[in-house]
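Trainee: Pasting in a structure now, in structure tokens, and then I'll have a few things to ask.
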Amino acid sequence: MAVQSPTALGASSKRLVKDRLARWGVTTGGVAVLVALLLIFFYLLYVVEPIFRGVELEQQRQFSVPGTGQTVALGMEEQSEIGYRFSDTGELTYFALLPKPHMQAQTGQVLLQQQLTEVKPTAFTQTQPQNNRFAYALPGGKVQLVEAKFKTRFENGQRFTEPRINLVNDGELIQVDPAEQDLVQLAYEYDGDAMLFAAVTDSGRIIVNAFTASRNFLTGQVSLKSKFSELELSGPVKALSVTPDLRQVLVLQPSRLAIFDVSRSGVVTERQVLALDKRRFAEVTSMQLLAGASSIMLGHADGRITQWFEVTTDEGRRYRYIRDFQTAPKAAANAVIDIVPEYFRRTFYSISAQGELGVFHTTSEADLYFAKTAGVSAERAVVDPRANTLLVESGDQLHVFSLDNEHPEVTWSGLWQEVWYEGYPEPQYVWQSTSGSDDFEPKFSLVPISFGTIKAAAYAMLFAVPIGLAAAIYTAYFMSAPVRKIVKPTVEIMEALPTVILGFLAGLWLAPIAETHLPGIIATILLVPAAIILFALISSKLPKQVRNYLSDGRAALVLIPLVVLVGYFAFSMSPLVEQWLFDGNVRQYLTNELGITFDQRNSLVVGIAMGFAVIPTIFSIAEDAVFSVPKHLSNGSLALGATPWQTLSRVVLLTASPGIFSAVMMGLGRAVGETMIVLMATGNTPIMDWNIFEGMRTLSANIAVEMPESEVGSSHYRILFLAAFVLFVFTFAFNTLAELVRQRLRDKYSSM
């Protein structure tokens, strides 16, 4: 037996050390990749989790109700440091919600108090929360308007807020009823220099008075021009309301709700009467406009709250019953006595006859909270502008609660099911996260952008799979080795092409060509495969010597000029075909005659551009799978008399099918996660339509577009992270499945 030299043993030991280090390095790298994926997974969950939390209310402090008389309205300033209270005696009282050292005031202490009226008011009303005005009706049909204001200043980096009282119209009373009858019910809103009043007099008259301010350009004196109307309604009135745009007056009576239009000139006309059938809807006990004033919220004696808003019908815009919210099991003793809307969101708070406080959100149809908080029986409540603090009156006490309700508009049903948004004719899937209006209702359905992701990937795969698989099969099975050594690396290096370049070319070069030469594009897609098949049929009839010359894989090179000529012919004939079949304008024909919407940056452009990005992935993996089929299998098939095509279809492809499946799945995962191409080559419109001539918005493009403008920690911000999580799950599932199949293929044939 030969004895190894020390030098040989030393070399062997070095190889063992290198092997061990390589094994540790590969293992460490693999574990690090898995850890990184898990960290991404759990970080996305960490950011997303808060949007599904419930409402949290925690009592902070309580104190006696300041001032005199009965409370008719409560309010708070933005920082929830100062509250105010209007009483039925015409008194306005400011009080501290937090200790105010610079004013030497403790919680609940009066900061400012003023009697606004000389006599006891006959009625009171307030505008929508964002308008922040209040009105007292006084004897003789007059009205006193007031604003609760605050002045903020900073000294040495510290903020100081002080209350102010502003009497509108310089404190001059406004004569709402020319007949000078007392007003027992009042509704008021303003918009700039225009004001609209609706009132019920003590004699039962229902009046509307629209005022417009005008300034004399010589004297500078401001005068109010009045347009008075009297509504022809009979019977008792339970509630009145005026919309902030001064275009509608709502009159609630025991069995109906009458809606009147008010023109810009002040003319009042009846718009619609809603019958409130008590067999369907219990007696109405309260009425309130939701934020944005597009929805009417009605509280009923059985504890229900119904939502009504305008939808488009054959008769024009009409109010319809949309949905309801049940505050508690139906019971006559648990009527809804008050509805409190938030300033900007579609969240509202309800107070029942038994003192329970409810929190609801209309868009998400969410019942967020309903209970007697800390045992407090609520009689009146108000929320601050930032919806961080809730002030509740119970008996002769005011209770301050911290409110945690950051994401009421987000529920699983709102994200993945149809939602009936304000003004829409029916429930729909809609993604529209921002708008230029404060009255905007956010729409956070993930369905349109998930659909867009699938649509973009489907059209890309429709283009890439036939080309990629056909090229891979031909290269691996039919092409000669010298040509294959050139073709395979050339196609694979295409994967290194930045997708931003493909998106740039698709958006600025391909999209205009597809629009102006659409018949040529369609003809090229159809004629090139037909020409290749026809060339194969003709070549099969050529002399044997020529066929043998082309059989070593060089036939593919012969097809290059054929493809170029057919493509040139298709584009050359495009104007003639367009003039002959489509009267010179194929886009107009699609839109007017077929009713098909055509966008310049559409799914066809995306499919072609993203197809080129996906083809290298599919080609490389599928080509390896086909080429790795053991030669003895194909040689044995050929030796038994099978033709090359029979061997390919019944032996090679079946054996390579796991690898081919892996190639398709890897390509699909690549298409699903693509960002730059769909961002630059589509209109980024989140619509749900399989129309190949319309665009889409994908999950990845949506994140890229909207993440820079989203507020950190907002619902919009966290939903974008949820979209990223959905995209992560999609791509991870596709890539994992593909890799498992690919690895199984390698293991299966490594021992053969």
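The values are calculated or read from the model by the stated rules, or taken from the named source; none is laboratory data. Just so it is clear, the structure is predicted and the values come from calculations on it, not from any experiment. Heads up, the Cβs are rebuilt from the backbone with ideal geometry, glycines too, and the neighbour counts pull from every protein chain shown.
Trainee: Which of the residues belonging to the stretch 350-360 are of a type outside the set (S, T, N, Q) and in contact with a Phe, Trp or Tyr (Cβ under 8 Å, 6 or more places away or on another chain)? Full working, then the answer.
Mentor: From the stretch 350-360, those of a type outside the set (S, T, N, Q) are 351, 353, 355-360; that's our starting set.
Hits for the stretch 350-360 are Glu356, Leu357, Gly358, Val359, Phe360.
Trainee: Looking for whichever is of a type in the set (Ser, Thr, Tyr), at pLDDT below 90 and either surrounded by 12 or more Cβ atoms within 10 Å (Cβ to Cβ) or part of a loop (DSSP other than H, G, I, E, B) (or both) here; the options are Thr161, Thr117, Thr125. Which one fits?
Mentor: Details: Thr117 fails: at pLDDT below 90; Thr125 fails: at pLDDT below 90.
Testing whether each residue is of a type in the set (Ser, Thr, Tyr), at pLDDT below 90 and either surrounded by 12 or more Cβ atoms within 10 Å (Cβ to Cβ) or part of a loop (DSSP other than H, G, I, E, B) (or both) leaves just Thr161.
Trainee: Might you let me know whether the stretch 343-357 holds any residue that is free of Cβ contacts under 8 Å to residues at least 12 places away in the same chain and either under 23 Å from Arg53 (Cβ atoms) or small (Gly, Ala, Ser) (or both)?
Mentor: Let us first name the residues in the stretch 343-357 that are free of Cβ contacts under 8 Å to residues at least 12 places away in the same chain, namely none.
No, the stretch 343-357 contains no residue that is free of Cβ contacts under 8 Å to residues at least 12 places away in the same chain and either under 23 Å from Arg53 (Cβ atoms) or small (Gly, Ala, Ser) (or both).
Trainee: Another question, if that's okay. One residue is enough: does the stretch 315-332 have a residue meeting the conditions within 30 Å of Asp384 (Cα to Cα), in contact with a Ser or Thr (Cβ under 6 Å, 6 or more places away or on another chain) and modelled with pLDDT under 90?
Mentor: There is at least one residue in the stretch 315-332 that is within 30 Å of Asp384 (Cα to Cα), in contact with a Ser or Thr (Cβ under 6 Å, 6 or more places away or on another chain) and modelled with pLDDT under 90.
Trainee: Can you name every residue in the stretch 498-536 that is assigned to a helix (DSSP H, G or I), over 25 Å from Arg670 (Cβ atoms) and in contact (Cβ under 8 Å) with a residue 24 or more places away in the chain?
Mentor: Pro512, Glu515, Leu518, Pro519, Gly520, Ala523, Leu527, Ala531, Ile532, Phe535
Trainee: With the structure loaded, tell me whether Gly683 is at positive phi and assigned to a loop (DSSP other than H, G, I, E, B) or whether it fails that test.
Mentor: Numbers: at positive phi: no; assigned to a loop (DSSP other than H, G, I, E, B): yes.
Considered against the rule, which asks whether it is at positive phi and assigned to a loop (DSSP other than H, G, I, E, B), Gly683 comes out as no.
Trainee: Mind checking whether some residue in the stretch 189-205 is at pLDDT 90 or above and in contact with a helix residue (DSSP H, G or I) (Cβ under 8 Å, 6 or more places away or on another chain)?
Mentor: no
Trainee: Six or more apart or on different chains, Cβ atoms under 6 Å: show the pairs whose first residue is in the stretch 628-640 and without any contact (Cβ under 8 Å) to a residue 60 or more places away in the chain and assigned by TED's automatic domain parsing to the domain that holds Ala472 and whose second is surrounded by 14 or more Cβ atoms within 10 Å (Cβ to Cβ) and of a type in the set (Lys, Arg).
Mentor: Sorted first by the residue in the stretch 628-640, then by its partner, the list stays empty.
Trainee: Can you give me the number of residues within the stretch 625-649 that are under 52 Å from the mean Cα position of the chain (by Cα) and either of a type in the set (A, V, I, L, M, F, W, C) or loosely packed, with under 11 Cβ neighbours inside 10 Å (or both)?
Mentor: Final tally of qualifying residues: 6.
Trainee: If you take the residues in the stretch 450-506 that are more than 14 Å from Asp624 (Cα to Cα) and touching a Leu at 6+ places or on another chain (Cβ under 8 Å), which one is surrounded by the most Cβ atoms within 10 Å (Cβ to Cβ)?
Mentor: Looking at residues that are more than 14 Å from Asp624 (Cα to Cα) and touching a Leu at 6+ places or on another chain (Cβ under 8 Å), I get Gly452.
Trainee: Separate question: Gly83 versus (1) in the same structural domain as Glu118 (by TED's automatic domain parsing); (2) surrounded by 17 or more Cβ atoms within 10 Å (Cβ to Cβ); (3) farther than 20 Å from Gln128 by Cα: which is the lone unmet condition?
Mentor: Every condition holds for Gly83 apart from (3).
Trainee: Which condition from (1) touching a residue at least 60 places away in the same chain (Cβ under 8 Å); (2) in a loop (DSSP other than H, G, I, E, B) is the one that Ile322 breaks?
Mentor: The number of the failed condition is (2).
Trainee: Now, a different point. Can you name every residue in the stretch 342-356 that is hydroxyl-bearing (Ser, Thr, Tyr) and in contact with a strand residue (DSSP E or B) (Cβ under 7 Å, 6 or more places away or on another chain)?
Mentor: Of the stretch 342-356, the ones hydroxyl-bearing (Ser, Thr, Tyr) are 343, 347, 349-350, 352.
Scanning the stretch 342-356 gives Thr347, Tyr349, Ser350, Ser352.
Trainee: Among the candidates Gly75, Gly54, Gly83, Gly25, which residue alone is modelled with pLDDT under 90 and of a type in the set (Gly, Ala, Ser)?
Mentor: Just a single option satisfies the conditions, and that option is Gly54.
Trainee: Continuing with the same structure: Out of Ala701, Ala681, report the one residue that is surrounded by 20 or more Cβ atoms within 10 Å (Cβ to Cβ) and under 14 Å from the mean Cα position of the chain (by Cα).
Mentor: Values: Ala681 fails: under 14 Å from the mean Cα position of the chain (by Cα).
Matching residue, one of Ala701, Ala681: Ala701.
Trainee: Could you check, for the stretch 74-87, whether at least one of its residues is touching a Lys or Arg at 6+ places or on another chain (Cβ under 6 Å), in contact (Cβ under 8 Å) with a residue 40 or more places away in the chain and not in a loop (DSSP other than H, G, I, E, B)?
Mentor: Scanning the stretch 74-87 turns up at least one residue that is touching a Lys or Arg at 6+ places or on another chain (Cβ under 6 Å), in contact (Cβ under 8 Å) with a residue 40 or more places away in the chain and not in a loop (DSSP other than H, G, I, E, B).
Trainee: Can you go through Val729, Val712 and tell me which one is among the β-branched types (Val, Ile, Thr) and not in a helix (DSSP H, G or I)?
Mentor: On the way: Val729 fails: not in a helix (DSSP H, G or I).
Exactly one of Val729, Val712 is among the β-branched types (Val, Ile, Thr) and not in a helix (DSSP H, G or I), namely Val712.
Trainee: Of the residues that make up the stretch 292-302, is at least one within 17 Å of Pro244 (Cβ to Cβ), of a type in the set (Gly, Ala, Ser), touching a Lys or Arg at 6+ places or on another chain (Cβ under 8 Å) and at pLDDT below 90? Quick ask: steps written out before the conclusion?
Mentor: So the first thing to find is which residues in the stretch 292-302 are within 17 Å of Pro244 (Cβ to Cβ), and the list is 292-297.
Among the residues that remain, those that are also of a type in the set (Gly, Ala, Ser) are: 292-295.
In the following step, the residues that additionally are touching a Lys or Arg at 6+ places or on another chain (Cβ under 8 Å) were identified as 292, 295.
Among the residues that remain, those that are also at pLDDT below 90 are: 292.
Within the stretch 292-302 (the criterion being within 17 Å of Pro244 (Cβ to Cβ), of a type in the set (Gly, Ala, Ser), touching a Lys or Arg at 6+ places or on another chain (Cβ under 8 Å) and at pLDDT below 90), the answer is yes, since at least one residue qualifies.
Trainee: Only residues that are touching a residue at least 12 places away in the same chain (Cβ under 8 Å) and assigned to a helix (DSSP H, G or I): list them for the stretch 17-62, please.
Mentor: Filtering the stretch 17-62 for residues touching a residue at least 12 places away in the same chain (Cβ under 8 Å) gives 37, 40-41, 44-45, 47-48, 50-62.
Matches in the stretch 17-62: Leu37, Ile40, Phe41, Leu44, Leu45, Val47, Val48, Pro50, Ile51, Phe52.
Trainee: Name the residue, out of Ala471, Ala458, Ala464, that is without any contact (Cβ under 8 Å) to a residue 60 or more places away in the chain, in a helix (DSSP H, G or I) and farther than 30 Å from Glu58 by Cβ. Working first, answer last.
Mentor: Numbers: Ala471 fails: without any contact (Cβ under 8 Å) to a residue 60 or more places away in the chain; Ala464 fails: without any contact (Cβ under 8 Å) to a residue 60 or more places away in the chain.
Testing whether each residue is without any contact (Cβ under 8 Å) to a residue 60 or more places away in the chain, in a helix (DSSP H, G or I) and farther than 30 Å from Glu58 by Cβ leaves just Ala458.
Trainee: Show me the strands (runs of 3 or more DSSP E) found entirely inside the stretch 327-415 where at least 2 residues are of a type outside the set (Ser, Thr, Tyr) and more than 27 Å from Glu81 (Cα to Cα).
Mentor: The qualifying strands (runs of 3 or more DSSP E) are 336-341, 366-371.
Trainee: Would you check if there is a residue in the stretch 393-410 being among the hydrophobic types (A, V, I, L, M, F, W, C), over 17 Å from Ile296 (Cα atoms) and surrounded by fewer than 20 Cβ atoms within 10 Å (Cβ to Cβ)? Can you show your working first?
Mentor: First, the residues of the stretch 393-410 that are among the hydrophobic types (A, V, I, L, M, F, W, C): 398, 400-401, 403, 410.
Of the ones still in play, those that are also over 17 Å from Ile296 (Cα atoms) are 398, 400-401, 403, 410.
Next, from what is left, pick out any that are surrounded by fewer than 20 Cβ atoms within 10 Å (Cβ to Cβ): none.
The answer is no, given that none of the residues of the stretch 393-410 is among the hydrophobic types (A, V, I, L, M, F, W, C), over 17 Å from Ile296 (Cα atoms) and surrounded by fewer than 20 Cβ atoms within 10 Å (Cβ to Cβ).
Trainee: Being in contact with a Lys or Arg (Cβ under 9 Å, 6 or more places away or on another chain) and more than 20 Å from Leu98 (Cα to Cα) is the filter here, so list the residues in the stretch 143-164 that pass it.
Mentor: As a first pass, look at the stretch 143-164 and keep what is in contact with a Lys or Arg (Cβ under 9 Å, 6 or more places away or on another chain): 145-153, 159-164.
Those that are in contact with a Lys or Arg (Cβ under 9 Å, 6 or more places away or on another chain) and more than 20 Å from Leu98 (Cα to Cα): Leu145, Val146, Glu147.
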